[in-house]
Amino acid sequence: MNEINNTNHKSHTRILIIGSGGREHAIGWKFAEDFKAKEQDLELFFIPGNAGTAQLGTNVSITSIEGMKDFAKENHIDLTFVGPEAELSVGIVDTFQKENLNVFGPHKAAAQLEASKAFAKDFMDKYGVKTAKYKNFQGPMLAIDYLKNQEYPIVVKASGLAAGKGVIICQDFEEAKQAVLDIMEDKTFGDAGNEVVIEEYLEGFEASILSFFNGKKIVPFVSAKDHKKIGEGETGLNTGGMGVIAPNPLFTDEHFKLFEEEIMEPTKCGLIKEGLDFAGVIFFGLMITTKGVYLLEYNLRMGDPETQTTLPLLENDLFDVVNKAIKGENFELNFKNQHACCVVMVSGGYPGNYEKGYEVRGLENVSCPTFIAGANLSGDKIVTSGGRVINVVGLGDSLEQAREIAYENITKINFDYEFYRKDIGIV
């Protein structure tokens, strides 16, 4: 693994963050806060960034990984932090490491744990990571045949990257058959549907745990709870995430212990055995049932909006921790004894069709961390450019207080056809 070259760091550090969402705005914000606290100079660059990141540093428009690598070299970037899964899955880290550039994220081989659900399930099975029973299929007929003798409900997943949306819970055989045909023949999720995973349905509640990996040890974050559906009471279509609370009030110390023993440790052993060690993020999507804690999926990058919710609670200096992970050194992670509640404001119509280009007003009146996800600068105005537009994060000594602060601040922000859930954090 490449070591970070520490020359000139005392005077001037340059960090490049890849991505354009609320996650990348939050990562940049955390770096900026930490450098301000230690009174050191920091220069931030974002490819491509958004209206929020433009207030922290410089947005750069480059689309190719080669171009990003050249930019990092020419501008003497000390660290590149990769946000999105797409770049990771095609090997941005490998490209940067070949040039001895310091980059935080999994290489292409390890990124397959997110890019291919089939690969991930086989890995879990091989290393005894506790997960639901499953079978992988590369053609629709065998999959449909298999579904005839299964218990319902059952879960049908597109194996590839589908922006968090390729999972269908089916109540009976007809629904499951239709899901397979939609994914594999109609290509609802594009090439992500070249292979499907059919999985036993687990009943329980979900928890998300982010972690940093230094190639030898996985160090977990505080737990989080994601609210995935568009409608209140977890109804309607799946989204990229409508809000998150941390820590997850349902996830007990006992659950954490089971997670560490039956999921985190076997994952670490498997990664090392397979030669998939790297310095970067592992995100564990968990289901907690009456039979214990199960792993639903890995993400090999920071979750969104889990990042926006947990980073304001992180007490460590982020640059220092990432630096240590890249060098394979030991580190601990410490979190404030507080609660965070992140509420996502979205464009009306999301996750279906929605219109863009509406001015966002009132951000200057907000008194809590606010991260822009889908909005760009148009002259001196901030205008909507995506489905998920803004993340508002309340921090408090109790979950109730954190919720109150988030919702009090969200009413200060306005754009046409805005929508947000009113029940984030109600457990």
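A few comments on the model shown:
- Some residue of the range 373-381 being touching a residue at least 12 places away in the same chain (Cβ under 8 Å), open to solvent by less than 70 Å² (accessible area, probe 1.4 Å) and closer than 16 Å to Lys412 by Cα: no
- The range 36-64 residues that are of a type in the set (Val, Ile, Thr), paired with ones that are open to solvent by less than 20 Å² (accessible area, probe 1.4 Å) and part of a loop (DSSP other than H, G, I, E, B) (beta carbon under 9 Å, 6 or more apart): Thr58/Gly49; Val60/Gly49
- Selection count where residues are outside any loop (DSSP other than H, G, I, E, B) and open to solvent by less than 80 Å² (accessible area, probe 1.4 Å), scope the range 146-174: 11
- Residue match in the range 352-364 (condition: hydrophobic (A, V, I, L, M, F, W, C) and in a loop (DSSP other than H, G, I, E, B)): yes
- Put simply, of Gly270, Gly241 the only residue that is open to solvent by less than 40 Å² (accessible area, probe 1.4 Å), farther than 16 Å from Pro106 by Cβ and not in a loop (DSSP other than H, G, I, E, B) is Gly241.
- Filtered residues of the range 1-37 (kept if at pLDDT 95 or above, outside any helix (DSSP H, G or I) and open to solvent by 10 Å² or more (accessible area, probe 1.4 Å)): Arg14, Ser20, Gly21
So that you can scan it fast, the table gives a plain yes or no per residue for (1) surrounded by 16 or more Cβ atoms within 10 Å (Cβ to Cβ); (2) touching a Gly at 6+ places or on another chain (Cβ under 8 Å); (3) without any contact (Cβ under 8 Å) to a residue 40 or more places away in the chain:
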| site | (1), (2), (3) |
| --- | --- |
| Glu261 | no, no, yes |
| Gly303 | yes, yes, no |
| Asn323 | yes, no, no |
| Tyr350 | yes, yes, no |
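- Evaluation of Asp186 against (1) without any contact (Cβ under 8 Å) to a residue 12 or more places away in the chain; (2) in a helix (DSSP H, G or I); (3) not basic (Lys, Arg) (one fails), failing number: (2)
- When the test is whether a residue is in a helix (DSSP H, G or I) and either open to solvent by less than 10 Å² (accessible area, probe 1.4 Å) or not hydrophobic (A, V, I, L, M, F, W, C) (or both), Lys225 does not pass it.
- Filter result (in contact with a strand residue (DSSP E or B) (Cβ under 6 Å, 6 or more places away or on another chain) and over 14 Å from Val360 (Cβ atoms)) within the range 399-427: Leu399, Ala402, Arg403, Ile405, Ala406, Arg421, Ile424, Gly425
- Residue satisfying all of: in the range 307-319; out of contact with any helix residue (DSSP H, G or I) (no Cβ under 8 Å at 6 or more places or on another chain) and open to solvent by 10 Å² or more (accessible area, probe 1.4 Å); nearest to Leu42 (Cα to Cα) among these: Asn316
- Residue check for Pro249: more than 28 Å from Gly19 (Cβ to Cβ) and assigned to a loop (DSSP other than H, G, I, E, B): yes
- From the list Gly386, Gly362, Gly394, the one residue that fits, being under 16 Å from Cys342 (Cβ atoms), touching a residue at least 12 places away in the same chain (Cβ under 8 Å) and out of contact with any His (no Cβ under 7 Å at 6 or more places or on another chain), is Gly394.
- Residues satisfying the stated conditions in the range 273-324, i.e. among the charged types (D, E, K, R), within 19 Å of the chain's Cα centre (by Cα) and not in a loop (DSSP other than H, G, I, E, B): Glu297, Glu306
- Hits in the range 398-421 - residues which are acidic (Asp, Glu), touching a Gly at 6+ places or on another chain (Cβ under 8 Å) and either more than 12 Å from Gly348 (Cα to Cα) or part of a helix (DSSP H, G or I) (or both): Glu404, Glu408
The values are calculated or read from the model by the stated rules, or taken from the named source; none is laboratory data. Computed from a predicted structure; not experimentally measured. Here the Cβ is made from the backbone with ideal geometry for all residues, glycine too, and neighbour counts use every protein chain on show. Heads up: the accessible areas ignore ligands, DNA and RNA and are worked out on the full protein's heavy atoms, side chains in. Shrake-Rupley method; radii C 1.70, N 1.55, O 1.52, S 1.80 Å.
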